[in-house]
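Down below is the structure, laid out as C-alpha coordinates.
The values are calculated or read from the model by the stated rules, or taken from the named source; none is laboratory data. None of these values were measured; they are calculated from a predicted model. Accessible surface areas use protein heavy atoms only, side chains included; no ligands, DNA or RNA. Shrake-Rupley method; radii C 1.70, N 1.55, O 1.52, S 1.80 Å.
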Amino acid sequence: RLDYATTGILLVGKTSSSIRTFNKMFEDKAMDKTYYAITIGAMDDRGKITSPIDGKASQSDYAVVASVPSERFGKLNLVALKPRTGRRHQLRKHLSEIGNPVLGDKEYGIENLILNGKGLYLHAYSLRFIHPFTNASIHLKDALPQRFKKIFSQIE
(Lines give C-alpha, C1' and ligand atoms only; values in the text may rest on other atoms or scores of the structure.)
Protein backbone atom coordinates (compact mmCIF):
# COMPACT_ATOMS: atom_id res chain seq x y z
CA ARG A 1 0.00 0.00 0.00
CA LEU A 2 1.12 3.51 -0.71
CA ASP A 3 0.40 6.63 1.25
CA TYR A 4 -2.06 8.75 -0.69
CA ALA A 5 0.58 11.41 -1.38
CA THR A 6 3.25 8.97 -2.60
CA THR A 7 3.68 8.87 -6.38
CA GLY A 8 4.81 5.92 -8.49
CA ILE A 9 4.08 2.25 -8.93
CA LEU A 10 0.94 0.74 -7.51
CA LEU A 11 0.42 -3.01 -7.89
CA VAL A 12 -3.20 -4.08 -8.32
CA GLY A 13 -4.62 -7.61 -8.40
CA LYS A 14 -7.63 -8.32 -10.58
CA THR A 15 -8.90 -11.36 -8.72
CA SER A 16 -9.24 -12.14 -5.03
CA SER A 17 -6.74 -15.02 -5.35
CA SER A 18 -4.13 -12.77 -7.01
CA ILE A 19 -4.66 -10.11 -4.33
CA ARG A 20 -4.16 -12.72 -1.59
CA THR A 21 -1.06 -14.05 -3.36
CA PHE A 22 0.49 -10.58 -3.78
CA ASN A 23 -0.30 -9.71 -0.15
CA LYS A 24 1.45 -12.91 0.96
CA MET A 25 4.45 -12.07 -1.25
CA PHE A 26 4.75 -8.65 0.41
CA GLU A 27 4.41 -10.29 3.82
CA ASP A 28 7.11 -12.87 2.96
CA LYS A 29 9.40 -10.11 1.61
CA ALA A 30 9.36 -11.63 -1.88
CA MET A 31 8.91 -8.16 -3.39
CA ASP A 32 12.01 -5.99 -3.86
CA LYS A 33 10.91 -2.35 -3.56
CA THR A 34 12.88 0.80 -4.30
CA TYR A 35 11.68 4.27 -3.45
CA TYR A 36 13.21 7.68 -4.01
CA ALA A 37 12.71 10.63 -1.70
CA ILE A 38 13.99 14.14 -1.46
CA THR A 39 15.12 14.72 2.11
CA ILE A 40 16.10 17.81 4.06
CA GLY A 41 19.49 18.36 5.73
CA ALA A 42 22.99 16.88 5.69
CA MET A 43 23.05 13.10 5.99
CA ASP A 44 25.47 10.16 5.73
CA ASP A 45 26.06 8.80 2.23
CA ARG A 46 24.38 5.53 3.17
CA GLY A 47 22.85 3.89 6.17
CA LYS A 48 20.48 1.47 7.80
CA ILE A 49 17.68 2.68 10.06
CA THR A 50 16.38 0.00 12.42
CA SER A 51 14.30 1.84 15.00
CA PRO A 52 11.06 -0.02 15.82
CA ILE A 53 7.74 1.30 14.54
CA ASP A 54 4.64 0.75 16.68
CA GLY A 55 6.67 -1.64 18.81
CA LYS A 56 7.63 -3.84 15.84
CA ALA A 57 11.06 -4.40 14.31
CA SER A 58 11.62 -2.43 11.13
CA GLN A 59 14.45 -1.67 8.76
CA SER A 60 15.02 0.85 5.98
CA ASP A 61 18.26 1.04 3.99
CA TYR A 62 19.20 4.23 2.18
CA ALA A 63 21.85 5.69 -0.13
CA VAL A 64 22.23 9.35 -1.04
CA VAL A 65 22.33 9.64 -4.85
CA ALA A 66 22.85 13.42 -5.08
CA SER A 67 22.75 16.53 -2.92
CA VAL A 68 22.21 20.19 -3.73
CA PRO A 69 22.49 23.29 -1.54
CA SER A 70 19.20 24.99 -0.68
CA GLU A 71 18.72 28.51 0.64
CA ARG A 72 15.61 27.56 2.58
CA PHE A 73 16.46 24.00 3.67
CA GLY A 74 20.27 24.08 3.87
CA LYS A 75 20.68 20.93 1.81
CA LEU A 76 18.36 18.71 -0.21
CA ASN A 77 19.21 15.07 -0.96
CA LEU A 78 17.93 12.63 -3.55
CA VAL A 79 17.85 9.36 -1.61
CA ALA A 80 17.30 5.79 -2.82
CA LEU A 81 15.39 3.80 -0.20
CA LYS A 82 14.89 0.07 0.32
CA PRO A 83 12.31 -0.79 2.97
CA ARG A 84 13.16 -4.25 4.35
CA THR A 85 9.95 -4.37 6.37
CA GLY A 86 6.55 -2.89 5.63
CA ARG A 87 5.35 -0.78 8.55
CA ARG A 88 2.86 2.06 8.16
CA HIS A 89 4.65 5.28 7.12
CA GLN A 90 7.95 3.44 7.69
CA LEU A 91 10.16 5.43 5.32
CA ARG A 92 8.70 8.75 6.38
CA LYS A 93 9.06 7.94 10.09
CA HIS A 94 12.57 6.54 9.75
CA LEU A 95 13.88 9.51 7.78
CA SER A 96 12.28 11.93 10.22
CA GLU A 97 13.83 10.06 13.18
CA ILE A 98 17.36 10.55 11.81
CA GLY A 99 16.66 14.26 11.30
CA ASN A 100 16.17 14.11 7.52
CA PRO A 101 12.43 14.29 6.86
CA VAL A 102 10.96 13.91 3.39
CA LEU A 103 10.41 17.25 1.69
CA GLY A 104 6.72 18.17 1.88
CA ASP A 105 5.93 15.79 4.75
CA LYS A 106 3.39 17.64 6.88
CA GLU A 107 2.98 14.80 9.36
CA TYR A 108 6.62 13.90 10.15
CA GLY A 109 8.44 17.01 8.90
CA ILE A 110 10.14 19.77 10.88
CA GLU A 111 7.54 22.43 11.67
CA ASN A 112 9.30 25.49 10.27
CA LEU A 113 10.51 23.54 7.21
CA ILE A 114 7.16 22.37 5.82
CA LEU A 115 6.77 22.86 2.08
CA ASN A 116 3.14 23.75 1.46
CA GLY A 117 1.22 23.01 -1.71
CA LYS A 118 3.88 20.94 -3.47
CA GLY A 119 3.02 17.50 -2.12
CA LEU A 120 5.16 14.78 -0.62
CA TYR A 121 8.49 14.12 -2.35
CA LEU A 122 8.34 10.32 -2.00
CA HIS A 123 8.16 8.12 -5.11
CA ALA A 124 7.65 4.34 -5.46
CA TYR A 125 10.26 3.84 -8.19
CA SER A 126 10.54 0.10 -8.80
CA LEU A 127 9.11 -3.26 -7.87
CA ARG A 128 10.84 -6.54 -8.70
CA PHE A 129 9.39 -10.00 -8.12
CA ILE A 130 8.85 -13.45 -9.59
CA HIS A 131 5.32 -13.65 -10.99
CA PRO A 132 3.44 -16.12 -8.79
CA PHE A 133 1.53 -17.75 -11.64
CA THR A 134 3.93 -17.62 -14.63
CA ASN A 135 7.29 -17.67 -12.77
CA ALA A 136 8.44 -14.82 -15.04
CA SER A 137 10.83 -12.28 -13.56
CA ILE A 138 8.96 -8.96 -13.37
CA HIS A 139 10.66 -5.59 -12.96
CA LEU A 140 8.35 -2.57 -12.99
CA LYS A 141 9.75 0.97 -12.98
CA ASP A 142 8.26 4.43 -12.97
CA ALA A 143 10.54 7.34 -13.84
CA LEU A 144 11.06 10.06 -11.29
CA PRO A 145 8.46 12.84 -11.46
CA GLN A 146 9.33 16.12 -13.15
CA ARG A 147 9.28 17.97 -9.82
CA PHE A 148 12.19 15.76 -8.63
CA LYS A 149 14.10 16.55 -11.83
CA LYS A 150 13.54 20.29 -11.31
CA ILE A 151 15.52 20.09 -8.07
CA PHE A 152 18.07 17.55 -9.33
CA SER A 153 18.63 18.59 -12.94
CA GLN A 154 21.53 16.14 -13.30
CA ILE A 155 19.22 13.09 -13.14
CA GLU A 156 17.60 11.53 -16.20
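Tabulated data
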{"read-out": "Net length gained if the chain between Arg84 and Ala143 were fully extended (0.36 nm per residue, minus Cα distance)", "value": "19.1 nm"}
{"read-out": "Under 19 Å between alpha carbons - lysine pairs in region 13-84 that sit 8 or more apart or on different chains", "value": "12"}
{"read-out": "Carbon/sulfur fraction of accessible area - region 1-101, other protein chains in place, 1.4 Å, %", "value": "48 percent"}
{"read-out": "Segment Ala5-Asp28, length gained on full extension (0.36 nm per residue, minus Cα span)", "value": "5.7 nm"}
{"read-out": "Value of [θ]222 nm, deg cm²/dmol, for the chain, DSSP H segments ≥ 4, -39500 (n - 2.57) each, nearest 500", "value": "-4500 deg cm²/dmol"}
{"read-out": "For the chain, accessible area per residue (1.4 Å probe, heavy atoms of protein chains only), Å²", "value": "59 Å²"}
{"read-out": "Semi-axis lengths (Å, descending) of the ellipsoid that matches the C-alpha gyration tensor of the chain", "value": "28, 17, 14"}
{"read-out": "Whole-Hz ³J(HN,Hα) from phi, Karplus 6.51 cos²θ - 1.76 cosθ + 1.60, for region 41-57, glycine and proline x", "value": "x, 5, 8, 4, 4, 8, x, 10, 10, 10, 5, x, 10, 6, x, 10, 4"}
{"read-out": "Shape box of region 23-115 [Cα atoms, principal axes, largest first, Å]", "value": "45, 25, 19"}
